[in-house]
Amino acid sequence: MKRTKLVQAALLLTAAFGTVAWAQGKAWVPDTTIEIVAPAAPGGGWDLTARAVQRTLTEEKLVNKNIIVSNKPGGGGAVGWTYLKGKEGNPHFLAANSSLVLLNNLLGSSPLTYKDFTPLAMLMTEWISVAVKADSPYKTGKDLLDALKKDPGVITIGVGPSLGNNDHLSFVRVAQKNGVDTSKLKWVVFEGAGGDVVMAALGGHVGAVTTALSETMTQHKAGKLRILGITADKRVDVLPDVPTWKEQGVDMVFPHWRGIMGPPGMTAEQIKYWDDALSKMVTKPGFKKTIESLNGQVYYKNSQEFKQFLDEQNAALGPLVEQLGLKKK
């Protein structure tokens, strides 16, 4: 009798531990509608990125629940991201993001920081170019940097729509790595951003410009501008003749990126689910084609890699913003 009871107890204990083990090992999957927040009005970069994610995850059956995109514009992303922050621990809510999730905080325009969220994936980048008019005496990026090192005020540099954005900070970092006194650079700011900047270069109103590659590419191909360098890790297929800064001795890669993040408080199982789904998504031809139509290229980092990247960017750009006196008081 005692033996029978001991066996029964052992079986019950084994079953109990088995249930616990099964529960602990069970993978998380969505059980309701997924909402992707585009923190801007329809038609902008964040919106189009969010909709590319929605479409690919749905069409490729990578997510088994309905996915909607909600537009929450305002505050340079802050309105939508504040909404996401309020969904703590709920992995059914995601949001498109970009470097503004870093820069808004570093520049003092928002209390939100990337540390308030769960980085899930960097998805794409648009590389940044430095270009001069075709008849400029500067034939290479090194020529320009050497001239600026000798005399930082030798030319004016066009940028838009404001100082403190990626176009501005990426060139400052390039110049500093080449020993240029960047406090003496002469900037001309164009509120119309890329289009106005390029027109100023073509008209000879500035000596060089720093702006998105998509803004300068057409005029470079037409022989009216010369792109001296790009912030990519390797040459891009659409412009194989244009060298990277790394090739010219400047050890820097600076993506103008967009990605996806979740609310704070996500579990390891929830992060793994999105790592798996998003890593498959970026390999799909339809997603790649959509990103290329936005003048970008797929540039993927998983959750862990993305967090490390954000940590590194924050550490690099924070002191730079302070040094340049760009932080709002």
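The values are calculated or read from the model by the stated rules, or taken from the named source; none is laboratory data. As the structure is a computational prediction, the values presented were derived from the model and not from experiment. Cβ sites come from the backbone with ideal geometry, for glycine too, and all protein chains shown count toward neighbours.
Determine whether region 285-308 contains at least one residue that is touching a Lys or Arg at 6+ places or on another chain (Cβ under 9 Å) and free of Cβ contacts under 8 Å to residues at least 40 places away in the same chain. Yes.
Each row is one residue, and each column tells you yes or no for (1) in the same structural domain as GLY164 (by TED's automatic domain parsing); (2) under 13 Å from GLU126 (Cβ atoms); (3) touching a helix residue (DSSP H, G or I) at 6+ places or on another chain (Cβ under 6 Å); (4) small (Gly, Ala, Ser).
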residue: GLU191; (1), (2), (3), (4): yes, no, no, no
residue: GLY195; (1), (2), (3), (4): yes, no, no, yes
residue: GLY203; (1), (2), (3), (4): yes, no, no, yes
residue: SER214; (1), (2), (3), (4): yes, yes, no, yes
residue: THR218; (1), (2), (3), (4): yes, no, no, no
residue: GLY223; (1), (2), (3), (4): yes, no, no, yes
residue: LEU228; (1), (2), (3), (4): yes, no, yes, no
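Filtered by the rule that a residue be within 19 Å of ASN166 (Cβ to Cβ) and touching a His at 6+ places or on another chain (Cβ under 7 Å), region 212-238 gives ALA212, ILE227.
In region 198-217, the residues that are on the phi < 0 side of the Ramachandran plot and hydroxyl-bearing (Ser, Thr, Tyr) form Cβ pairs under 6 Å with partners that are outside any helix (DSSP H, G or I) and at pLDDT 95 or above, at six or more places apart or across chains, as follows: THR210/VAL130; THR210/VAL159; THR216/SER129; THR216/ALA131; THR216/LEU225; THR216/ILE227.
This table checks each residue for (1) touching a Gly at 6+ places or on another chain (Cβ under 6 Å); (2) surrounded by 20 or more Cβ atoms within 10 Å (Cβ to Cβ); (3) at pLDDT 95 or above.
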{"site": "GLY223", "(1), (2), (3)": "no, no, yes"}
{"site": "LEU239", "(1), (2), (3)": "no, no, no"}
{"site": "PHE254", "(1), (2), (3)": "no, yes, yes"}
{"site": "GLY262", "(1), (2), (3)": "no, yes, yes"}
{"site": "THR267", "(1), (2), (3)": "no, no, yes"}
{"site": "TYR300", "(1), (2), (3)": "no, no, yes"}
{"site": "GLU305", "(1), (2), (3)": "no, no, yes"}
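The condition of being over 19 Å from the mean Cα position of the chain (by Cα), surrounded by 23 or more Cβ atoms within 10 Å (Cβ to Cβ) and either within 26 Å of ASP233 (Cα to Cα) or assigned by TED's automatic domain parsing to the domain that holds LYS224 (or both) does not hold for LEU123. Of the helices (runs of 4 or more DSSP H) that lie entirely inside region 41-147, those containing 3 or more residues that are within 21 Å of THR210 (Cβ to Cβ) and touching a Gly at 6+ places or on another chain (Cβ under 8 Å) span 100-106.
Are any residues in region 79-92 over 22 Å from GLN308 (Cα atoms) and surrounded by fewer than 22 Cβ atoms within 10 Å (Cβ to Cβ), and if so, which ones?
Filtering region 79-92 down to residues over 22 Å from GLN308 (Cα atoms) leaves 79-80, 82-83, 86-87, 90, 92.
Within region 79-92, VAL79, THR82, TYR83, GLY86, LYS87, ASN90, HIS92 meet the criteria.
Run GLN313 past the list (1) closer than 24 Å to THR118 by Cα; (2) buried (at least 20 other Cβ atoms within 10 Å of the Cβ) and report the number of the one that doesn't hold. Failed condition: (2).
To keep it simple, each residue is scored yes or no on (1) at pLDDT 95 or above; (2) outside the structural domain of THR283 (by TED's automatic domain parsing).
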residue: MET1; (1), (2): no, yes
residue: GLN8; (1), (2): no, yes
residue: GLY25; (1), (2): no, yes
residue: PRO39; (1), (2): yes, no
residue: LEU48; (1), (2): no, no
residue: SER70; (1), (2): yes, no
residue: ALA96; (1), (2): yes, no
